[in-house]
Amino acid sequence: MTTAAPPINNTQFSVNVTTKSREQSLYQSSGAIVAAIVVGVIIIFTAVLLILKTYNRRMRVKRELEPKPTKPAMPPALGQNSNSVAQHPTVTFIPVDIHMQNR
């Protein structure tokens, strides 16, 4: 009682292995491309951040080193007595009557 093993189709087996390896290589290469794009974007953002940081530092130093303009003198107060101390207008707040309901 011997049983014969079915013959193995070698051509079909090799085609399946080749197809899987091509698919795997496509997935791996697409993953590598995505990773390269992400790393590139991170590098670009880092470069822009460093450029803005140095620009901000230079502008701040430039502002600090510039001579500051002096404040102009206060104009004399208008009115009858221009020699007196200038009086600032006052604003008075008059609250509106609040009608509360009896509980």
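The values are calculated or read from the model by the stated rules, or taken from the named source; none is laboratory data. The model shown is predicted, which means the values in this text are computed figures rather than measured ones. Using ideal geometry, Cβ is built from the backbone for each residue, glycine included, and neighbour counts are taken over all protein chains shown. For the accessible areas, the whole protein counts, side chains as well, though only heavy atoms, and no ligand, DNA or RNA atoms are used. Shrake-Rupley method; radii C 1.70, N 1.55, O 1.52, S 1.80 Å.
The table below gives the values:
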{"read-out": "Candidate set from the stretch 26-61 (those that are open to solvent by less than 60 Å² (accessible area, probe 1.4 Å) and among the polar types (S, T, N, Q)); member that is farthest from the chain's Cα centre (by Cα)", "value": "Ser29"}
{"read-out": "Check on Gly79, at pLDDT 65 or above and either out of contact with any Cys (no Cβ under 7 Å at 6 or more places or on another chain) or open to solvent by less than 100 Å² (accessible area, probe 1.4 Å) (or both)", "value": "no"}
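One line per residue, one yes/no per condition, for (1) open to solvent by less than 100 Å² (accessible area, probe 1.4 Å); (2) assigned to a loop (DSSP other than H, G, I, E, B); (3) at pLDDT 75 or above:
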{"site": "Ala5", "(1), (2), (3)": "yes, yes, no"}
{"site": "Val17", "(1), (2), (3)": "yes, no, no"}
{"site": "Ser21", "(1), (2), (3)": "yes, no, yes"}
{"site": "Arg63", "(1), (2), (3)": "no, no, yes"}
